[in-house]
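Below is one structure, written out as structure tokens; the observations come after it.
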């Protein structure tokens, strides 16, 4: 049994993470990576941390090193038959914030200095009330949270979940207009063409034309999602 949930996400705070850095401008792309959504939705929390991941990889309360453990944390979702797609914008606006800071070498390195030279940077953030959409594919019933937090500022967002009708399966050439993680689809589908969205830790692709099996719905002809989709990681 395959269940597909269509989720809409509305920001209640501005969303910031550095998709790209252009000089002193730190820009947030209006796409949310599926890795980030897995953590925000709590799918790699509590039981997953304690039973499927070694203790040294668990940083619920303390992070001894700033090294992501995506493979260790997300592989258990493959075993449970759960997959989350990246989220694309269905309506958003942006805001530009300027921040300033002073040279604080004398605090860090105990250096004597007579100068205090201010500097600045700009952060382009996704504004509150912006809306996103993503899908959750599962082999079992899920109860997803209504409220989650995202980004560097742990911005609050509301999640609305709709369970879609039973999907039909077809095979051939199709176009998925939603963003995808290329590592998760290229092993099981023949990707023909796509647009790249550059962002860490893995750049995404969208408007993807591919050959393979896909889910579709009679009453929602624009929704086409690859069937064989699971988390894969660079070796």
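With a Förster radius of 45 Å applied to the C-beta separation of residue 80 and residue 120, the computed FRET efficiency comes to 0.45. Were the residues from residue 175 through residue 96 laid out at 0.36 nm apart, the gain over their Cα-Cα distance would be 25.0 nm. Taking other C-beta atoms within 10 Å as the exposure proxy, 235, 89, 130 rank 235, 89, 130 from fewest upward. With N the number of residues in the range 161-234, Rg(Cα) / (2.2 N^0.38 Å) evaluates to 1.10.
Would you mind classifying the range 126-212 by shape? Square roots of the alpha carbon gyration tensor eigenvalues, ordered a ≥ b ≥ c; an a/c under 1.5 is rounded, otherwise it is prolate if a/b is larger than b/c and oblate if not.
Cα axes put the range 126-212 in the oblate bin.
Values quoted throughout were computed directly from the atomic coordinates according to the rules given, and no laboratory measurement underlies them. These figures come from a predicted structure and were not determined experimentally. FYI the Cβ positions are ideal-geometry reconstructions off the backbone, even for glycines, and counts take in every protein chain you see.
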